[in-house]
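Report on the following structure.
The values are calculated or read from the model by the stated rules, or taken from the named source; none is laboratory data. From a predicted model like this one, the values you see are computed outputs, not experimental measurements. Counting neighbours? That spans all protein chains shown, and the Cβs are built from the backbone with ideal geometry, glycine included.
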Amino acid sequence: MSIAQAMILAAGRGERMRPLTDTCPKPLLKVHDKPLMEYHLDAFARSGFRDVVVNTAWLGEQIEDHYGHETAAGTRIAYSHEGKDFGGALETAGGIARALPLLDEAFWLVAGDVHMPRFLFTRAAYDRFRAGSDLAHLVLVPNPPHNAKGDFGLGPDGRAFNQAEVRYTYSTVALLRKPLFDTLPAGNPEGRKVALAPLLRAAMDRGQVSAELYHGPWVDVGTPQRLQELEAGRAL
């Protein structure tokens, strides 16, 4: 497999989705007869990003059994099996750091349990980010009811920052650069559990994070109710 320029986060337990996730990993839960993560896999393939890393932990073998190493759309998948290697998920930054040897210098990131079927992971956006010097570019969305206070601010110059009167929700979509994870050992061989937000906030304080506001359909499929609403067409 070639070095990947995209990663899908698929290692979480999905506690709030129980009992659905007792027997099925959340990224394989279906919306309109299609697994949540497959919308991302297909979107990457359409934009020419045909090599994708997927990290797994809870019931991760089901994801590999379902897709193998290539999807029907031609996306080639490499797996970072945190559950097999360390007995559980390494949190977001820990999982990304573990997968870094499989990833290019810059790469797309998205969580396997968000539904945003119209988002375009464009080559132009990737090339623009890679040509710059920022460590991260975040895709923000208007705040949903379950995150009414938002996460990050967005300046008129497209810079992301921590403290703001108006904050937006981090969609889980981002363009990231490997040096963002320099505080972790290469490949995270010890399986350290590290969250992503503190690394992003530190980079924001250094002026190294840009952002944009996305107004297209987006749902964090975090509860059975949200999944039902999405299936019924009421959540978008």
message: Restricting to the stretch 92-120, and then to whatever is at pLDDT 95 or above and acidic (Asp, Glu), can you tell me which residue is farthest from residue 8 (Cα to Cα)?
response: 105
- prompt: Given the residues 76, 50, which is the only one that is in contact with a His (Cβ under 9 Å, 6 or more places away or on another chain) and of a type in the set (D, E, K, R)?
  reply: 76
query: Out of all the residues in the stretch 113-148, which are over 24 Å from residue 223 (Cβ atoms) and of a type in the set (S, T, N, Q)?
result: 122, 133
Condition broken by residue 124, with the remaining ones in (1) in contact (Cβ under 8 Å) with a residue 60 or more places away in the chain; (2) within 21 Å of residue 211 (Cα to Cα) satisfied: (1)
